[in-house]
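In what follows, a structure is listed as C-alpha cells, so that the remarks can point back to it.
The values are calculated or read from the model by the stated rules, or taken from the named source; none is laboratory data. In this text, all values refer to a predicted model and were calculated from it rather than measured experimentally. Backbone-built Cβ (ideal geometry, glycine too); neighbour counts: all protein chains shown. Protein only, heavy atoms only, side chains kept; ligands, DNA and RNA dropped before computing areas. Shrake-Rupley method; radii C 1.70, N 1.55, O 1.52, S 1.80 Å.
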Amino acid sequence: MAVAVQQIKRVSGKNIVTPKGFKAVGIHCGLKHKKYDLAVLLSEVPASVAGVFTTNAIQAAPLVVTKDVVQQTGQMQAVVINSGNANACTGKQGMIDALTMQVKTAEQFGIATNLVGVASTGVIGEKLNMEPLLKGIGQLKPASTLEASIQFSQAILTTDTVMKNTTYRTEVDGKEIIIAGTAKGSGMIEPNMATMLGFITTDANINSDHLQDALKSVTDVTFNSITVDGDTSTNDMVLVLANGMAENEPLSPAHPDWDSFIQTLHAVAQDLAKMIAKDGEGATKLIEVQVDGAVTDAEARKIAKTVVGSPLVKTAMFGCDANWGRIIAAVGYSGAAIDPLGITIMIGNTPVVKDGEPVTFSEEQLLIYLKQPEVKIFVGLNKGNGHGIAWGCDLTYDYVQINASYRS
C-alpha cells in the first residue's frame, strides 16, 4: 500500500530562523561602504549537515574549509558569511583568513571549531580586510526574530536586487517539521552550482548521510536547473542544517514520511532557485522552459537548460520577439537525442511549431504575452517519457552595464 504524503504548506512571513532552535543576524562591519556585509546562522545544538558545492576547479578558501566540515564532521552548528569579498584566488593568505574566521566564530559562540562553516561572496582575487571582519564577528548577536533573519538575508547579498527567502511546513510522525531557506545569487549563475549561496534550516531529525542524499536528489532538479549567464563561480554552495529539535523519529528512506520531507525540501529549493533566476543581473523576466518526451529526464533537463541559457533566446525574450527559430536551434545543439520531425514548441499557450513544421500564430497576441514578467516555453519531443524544467532570465542592456563596472 502506498504511503500518503503529508500535506505541505507554505508559511508566509517567516524565514531562516522559523525552525526550532535557529538564530541569525546580519550587520555592517566595513567590508562594504554602507550595506550589511557580515552574517551568522547559529543552531542551539549541533546539527546534521549536508552540502553541495561548485564544480569549478578553482575553489575559494571558505568553500574548502566548509566542505571539510561537511565531509569530515557531518555536523555544523554555525555558518559565518561575508559579502563584498569572495576570498577566492587569494593564495595561502586566503586559506589562513578563512580558517581565522572559523576559529573566531567558534570562540564567539563557545562551540567547537570543526562545527563552523565559512562562506564568502563578492570580488575574486582581493584579500580580505581582516581587521573590521574579525571585529564584526565579535559583535554578532544572533536572534530568532524576523528582524534578525531579514538582516541575515540582506548581509549575504551582492548584486542581488531582492532578498530570497521561503518557508514550508509538513508533518513527520505527527509532529510539525519546518524547512526554511535563504539564498543569494544574481550573476555568474550556471550550475553545477552558480554564484550563489544557499542556506536551508530544518528542525527535522535526520542523520547527515540521509540528509546528503536528500539534498543531492532535489539539487539536480532545482539549483542545477537554473542559469543566468553561463558562468560558474568559485564560491558556490548550498548547505542544509537539520538540528533534530522537532524530535521526530530519525528520517530515512524507510520512514513512512520520507516522501513528505523530500517534497518539502524540494519546494524550498525550487522557490530559491526560481528567485535567483528571476533576479538575474539586469533581468526583466523569468523564463521557464519545460521539455517533455525526451529519452530520459536528464536529457530533458539538458535541453531545457540549453534553451533557457541561449543568449539568442534570452535576448529575444527581452525584446518580446516570438523568434521560435532560436528555440528550435538550441534544442538541436543541446547534444540530446531528438527527431526534428517530432518537435512541438509552444510559447505560453500558443503553438508555434508542430511536428517540426511552423504553425501560423498571432504575433500581436504573443507580443502581449511576452511583455509579462514570467514567460513559459514548452518543447515536446515525442522520443520517450523524459521530463525536465529549467529556469533562467532575459539578457538585457543592464546586465552588460552591471558587469562592466562590477569592481568600480
Expected single match for at pLDDT below 95, aromatic (Phe, Trp, Tyr) and either touching an Asp or Glu at 6+ places or on another chain (Cβ under 8 Å) or open to solvent by 30 Å² or more (accessible area, probe 1.4 Å) (or both) among Tyr333, Tyr369 is Tyr333
Residue among Ala183, Ala204 that is surrounded by 24 or more Cβ atoms within 10 Å (Cβ to Cβ), at pLDDT 90 or above and within 25 Å of Glu249 (Cβ to Cβ):
Ala204
The condition from (1) among the β-branched types (Val, Ile, Thr); (2) in a helix (DSSP H, G or I); (3) more than 25 Å from Asp236 (Cα to Cα) that Val307 misses is numbered (3)
If you check Asn192 against the conditions, is it of a type outside the set (Asp, Glu) and at pLDDT 85 or above?
no
For the stretch 61-93, give me each residue that is of a type in the set (Ser, Thr, Tyr) and out of contact with any Gly (no Cβ under 8 Å at 6 or more places or on another chain).
Thr73
Could you tell me whether any residue of the stretch 67-81 is open to solvent by 40 Å² or more (accessible area, probe 1.4 Å) and touching a strand residue (DSSP E or B) at 6+ places or on another chain (Cβ under 6 Å)?
yes
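Does Thr105 count as in contact (Cβ under 8 Å) with a residue 40 or more places away in the chain, in a helix (DSSP H, G or I) and surrounded by 16 or more Cβ atoms within 10 Å (Cβ to Cβ)?
On the way: in contact (Cβ under 8 Å) with a residue 40 or more places away in the chain: yes; in a helix (DSSP H, G or I): yes; surrounded by 16 or more Cβ atoms within 10 Å (Cβ to Cβ): yes.
So Thr105 passes the test.
Residues are listed down the side, and each one gets a yes or a no for (1) farther than 16 Å from Ile226 by Cα; (2) open to solvent by 40 Å² or more (accessible area, probe 1.4 Å):
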position	(1), (2)
Arg301	no, yes
Ala304	no, no
Ser310	no, no
Val352	yes, no
Glu357	yes, yes
Trp391	no, no
Asp394	no, no
Gln401	yes, yes
What are the residues in the stretch 1-24 that are open to solvent by less than 40 Å² (accessible area, probe 1.4 Å) and either in contact with a Leu (Cβ under 6 Å, 6 or more places away or on another chain) or part of a loop (DSSP other than H, G, I, E, B) (or both), if any?
Val11, Asn15, Ile16, Val17, Pro19, Gly21, Ala24
Across (1) at pLDDT below 95; (2) open to solvent by less than 10 Å² (accessible area, probe 1.4 Å); (3) outside any helix (DSSP H, G or I), Ala273 clears everything bar (3)
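Yes/no matrix, rows are residues, columns are (1) buried (at least 24 other Cβ atoms within 10 Å of the Cβ); (2) in a helix (DSSP H, G or I); (3) at positive phi; (4) at pLDDT 95 or above:
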| site | (1), (2), (3), (4) |
| --- | --- |
| Gln212 | no, yes, no, yes |
| Asn235 | yes, no, no, no |
| Glu249 | no, no, no, yes |
| Pro253 | no, no, no, yes |
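One line per residue, one yes/no per condition, for (1) without any contact (Cβ under 8 Å) to a residue 24 or more places away in the chain; (2) assigned to a loop (DSSP other than H, G, I, E, B); (3) of a type outside the set (Asp, Glu); (4) over 17 Å from Ile156 (Cβ atoms):
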| residue | (1), (2), (3), (4) |
| --- | --- |
| Ala57 | yes, yes, yes, yes |
| Val64 | no, no, yes, yes |
| Gln71 | yes, no, yes, yes |
| Ile81 | no, no, yes, no |
| Gly94 | no, no, yes, yes |
| Asn114 | no, no, yes, yes |
| Ala119 | no, no, yes, no |
| Leu133 | no, no, yes, no |
| Gly136 | no, no, yes, no |
